[in-house]
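A.B. asks: Got a structure for you, questions after.
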There are 2 protein chains.
Amino acid sequence: VTSVASAGIVGLGLMGGSLARDLSARGVRVLGWDRDGSTVARAMEAGAVAGPLRGEAVDVLVLAVPVLDALNALAGWTAQVRGVRLITDLGSTKAAIVARAEALGVGDRFVGAHPLAGGERCGWGASRTGLYEGARVYLTPAPSCAEGVVSLAHALWAGLGARTETVDAAEHDRRLAWSSHLPQAVSSALAAALAGAGVPREALGPGGRDVTRLAGSSPELWAQVAADNRANLAPALAAVEAELRELRMRLDGGDLSPLRAWFALGGRG
Amino acid sequence: VTSVASAGIVGLGLMGGSLARDLSARGVRVLGWDRDGSTVARAMEAGAVAGPLRGEAVDVLVLAVPVLDALNALAGWTAQVRGVRLITDLGSTKAAIVARAEALGVGDRFVGAHPLAGGERCGWGASRTGLYEGARVYLTPAPSCAEGVVSLAHALWAGLGARTETVDAAEHDRRLAWSSHLPQAVSSALAAALAGAGVPREALGPGGRDVTRLAGSSPELWAQVAADNRANLAPALAAVEAELRELRMRLDGGDLSPLRAWFALGGRG
């Protein structure tokens, strides 16, 4: 990967672990940290990580922990790691971490990243090479970020086959509340309702399994995303509640035509 | 297919068209009807249908039209087609059609069928051979149905590689309201909310596309299923609304722990 010789990755789960695999495969010296020390050992055995990240100088520092944890990790690791040219993260929300980077005085080197990749499995065991191949990655540079640092972030992701798109952090969070966090919450709400009614996953058909697949995602990860983006997520949740209530009212009405119209609202025709 | 020499299929969409292809491939003489006459011609060209269904004697009569339309079709076609040993349908709700069969005096030959197969595409163009291979098919015999007729229905589906399961029609509708109709409605509600907020499908990640995939299904088909099963569907919809409202309340609360617990409710841990 262009001009990046070393990287420190904090968190070796699905996202950080996959990034470690890809960077190591391209000759980058990757140092890793995980709250579970045995994960670092496993990543070293797999050749994805050269050694544990402590206070060494690295070109790139990547925070790959849940979004609220990343706010604290940013302060701790930027104080500890020297010589960093690019600080980034992999979280699903961006406004708070960008603001924190500015507040900590490292905005000149901070470009947030949100790769639209992953899936409902999590942890090092789910990581794999090529996760970011072809994936869209939103980049949110801090306001004070230097142009060369932004270019480095683009080059890093392009080198892994990802398609980068630069967006404003606040705008990112508004958009993703609808396009990503809302689908996750709706899938979880359906799964919770089914669990509450005693309907096992095995009773679902292929369609029902698709709609509830995301509900198997990490509760910790999504609790932090939802909390961080609650100002944008709450009205989106209310909009889905309103649609479900509308459907119930049209069912009460008993006429087919309003039901047809409702089911066509979100259609692709 | 065991002892079935001929079949009449009313409706040559995804479900009926696929059944026509499979039965014809197994040497059954299939006659077909569709509200769109050109579809019958296309099915004949494809070798899935031997000719148009009019008043000929057939061993098996299959109603493969939306569930409320099937109630009317049952009366019309049973009066018109002679010598039928098994009358069945392919709809997603079963109580009303079983009751109608009894009311029409053809319960002795009626076994409702609901194959858990299909997908969000519909119409003859979406039909294919092997759709029912490995699929679960719920069978709901009318109370007065003869044992030999039930056996014939089982044999017919087993011959296509499907796994049959006999259930009471009312119990079927209660279960499927949660396991199938609710996921469809939730997917449609999410898609409707996204459309209302101006979020295009292209903005969704892989997870969001999964959750909204079903929303591309036929509005006509689902309007009829929802209307027919509204007594069971309405409380299921209310349960999902309650979960979404609960999430919003926990977001307002601002603590992570209740959010973690909520996202874990429907998890597979």
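A.B. asks: Among the listed residues A:ALA64, A:ALA103, which satisfies the condition of being crowded, with 23+ Cβ neighbours inside 10 Å and out of contact with any Asp or Glu (no Cβ under 6 Å at 6 or more places or on another chain)? Steps first, answer last, please.
C.D. replies: On the way: A:ALA103 fails: crowded, with 23+ Cβ neighbours inside 10 Å.
Going through A:ALA64, A:ALA103 in turn, the sole match is A:ALA64.
A.B. asks: Another question, then. Restricted to segment A:173-211, and to residues that are surrounded by fewer than 24 Cβ atoms within 10 Å (Cβ to Cβ) and among the charged types (D, E, K, R), which residue is nearest to B:SER217 (Cα to Cα)?
C.D. replies: Taking the candidates together, the pick is A:ASP210.
A.B. asks: Identify all residues within segment B:167-191 that are more than 16 Å from the chain's Cα centre (by Cα) and of a type in the set (S, T, N, Q); write none if there are none.
C.D. replies: Result: B:SER187, B:SER188.
A.B. asks: Next question, about the same structure. Would you please list the contacts, defined by Cβ atoms under 8 Å and residues six or more apart or on different chains, that run from a residue in segment B:41-60 that is over 23 Å from B:ARG109 (Cβ atoms) to a residue that is in a loop (DSSP other than H, G, I, E, B) and at pLDDT 95 or above?
C.D. replies: B:ALA43/B:LEU12; B:ALA43/B:ASP34; B:ALA43/B:VAL49; B:MET44/B:ALA50; B:ALA48/B:LEU12; B:ALA48/B:SER127
A.B. asks: Does B:LEU256 satisfy being in contact with a helix residue (DSSP H, G or I) (Cβ under 8 Å, 6 or more places away or on another chain), within 20 Å of A:ALA177 (Cβ to Cβ), facing another protein chain (nearest Cβ under 7 Å) and touching a residue at least 12 places away in the same chain (Cβ under 8 Å)? Outline the logic, then answer.
C.D. replies: Details: in contact with a helix residue (DSSP H, G or I) (Cβ under 8 Å, 6 or more places away or on another chain): yes; within 20 Å of A:ALA177 (Cβ to Cβ): yes; facing another protein chain (nearest Cβ under 7 Å): yes; touching a residue at least 12 places away in the same chain (Cβ under 8 Å): no.
So B:LEU256 does not fit the description; no.
A.B. asks: Still on this model: Considering (1) modelled with pLDDT under 95; (2) within 22 Å of B:SER218 (Cα to Cα), say which one B:LEU74 fails and leave the rest.
C.D. replies: (1)
A.B. asks: Scan segment A:1-47 residue by residue and report those that are part of a helix (DSSP H, G or I) and of a type in the set (A, V, I, L, M, F, W, C). Walk me through how you get there before you give the answer.
C.D. replies: Restricting attention to segment A:1-47, the residues satisfying the condition of being part of a helix (DSSP H, G or I) are A:14-25, A:37-45.
Hits for segment A:1-47 are A:LEU14, A:MET15, A:LEU19, A:ALA20, A:LEU23, A:ALA25, A:VAL40, A:ALA41, A:ALA43, A:MET44.
A.B. asks: Can we say B:LEU176 is in contact with a strand residue (DSSP E or B) (Cβ under 9 Å, 6 or more places away or on another chain), at pLDDT 95 or above and over 25 Å from B:VAL58 (Cα atoms)?
C.D. replies: On the way: in contact with a strand residue (DSSP E or B) (Cβ under 9 Å, 6 or more places away or on another chain): yes; at pLDDT 95 or above: yes; over 25 Å from B:VAL58 (Cα atoms): yes.
Spelling it out, B:LEU176 is indeed in contact with a strand residue (DSSP E or B) (Cβ under 9 Å, 6 or more places away or on another chain), at pLDDT 95 or above and over 25 Å from B:VAL58 (Cα atoms).
A.B. asks: Just to check your reading of the model, which residue among A:VAL149, A:VAL167 is under 18 Å from B:LEU204 (Cα atoms), open to solvent by 10 Å² or more (accessible area, probe 1.4 Å), among the β-branched types (Val, Ile, Thr) and in contact (Cβ under 8 Å) with a residue 12 or more places away in the chain? Let's see the steps before the verdict.
C.D. replies: Values: A:VAL149 fails: under 18 Å from B:LEU204 (Cα atoms).
One residue alone meets the criteria, A:VAL167.
A.B. asks: Turning to a different aspect of this structure: Starting from residues that are touching a residue at least 60 places away in the same chain (Cβ under 8 Å) and in a helix (DSSP H, G or I), keep the ones in segment A:202-222 and report whichever is farthest from the other protein chains (Cβ to nearest Cβ). Write out each step before concluding.
C.D. replies: Filtering segment A:202-222 for residues touching a residue at least 60 places away in the same chain (Cβ under 8 Å) gives A:213-218, A:220-221.
From the residues that got through so far, the ones that are in a helix (DSSP H, G or I) too are A:213-216, A:220-221.
Details: A:ARG213: 6, A:LEU214: 5, A:ALA215: 4, A:GLY216: 5, A:GLU220: 6, A:LEU221: 9 Å.
Per the stated criteria, the residue is A:LEU221.
A.B. asks: Look through segment A:225-235, keep the residues that are in contact (Cβ under 8 Å) with a residue 40 or more places away in the chain and facing chain B (nearest Cβ under 7 Å), and return whichever of them is nearest to A:SER188 (Cα to Cα).
C.D. replies: Ranking the candidates gives A:ALA226 first.
The values are calculated or read from the model by the stated rules, or taken from the named source; none is laboratory data. Everything numeric here is computed off the predicted structure, so don't read it as measured data. When we count neighbours, we look across all protein chains shown, and the Cβ atoms used for this are built from the backbone with ideal geometry, even at glycine. Surface areas here come from the heavy atoms of the whole protein model, side chains and all, with no ligands, DNA or RNA. Shrake-Rupley method; radii C 1.70, N 1.55, O 1.52, S 1.80 Å.
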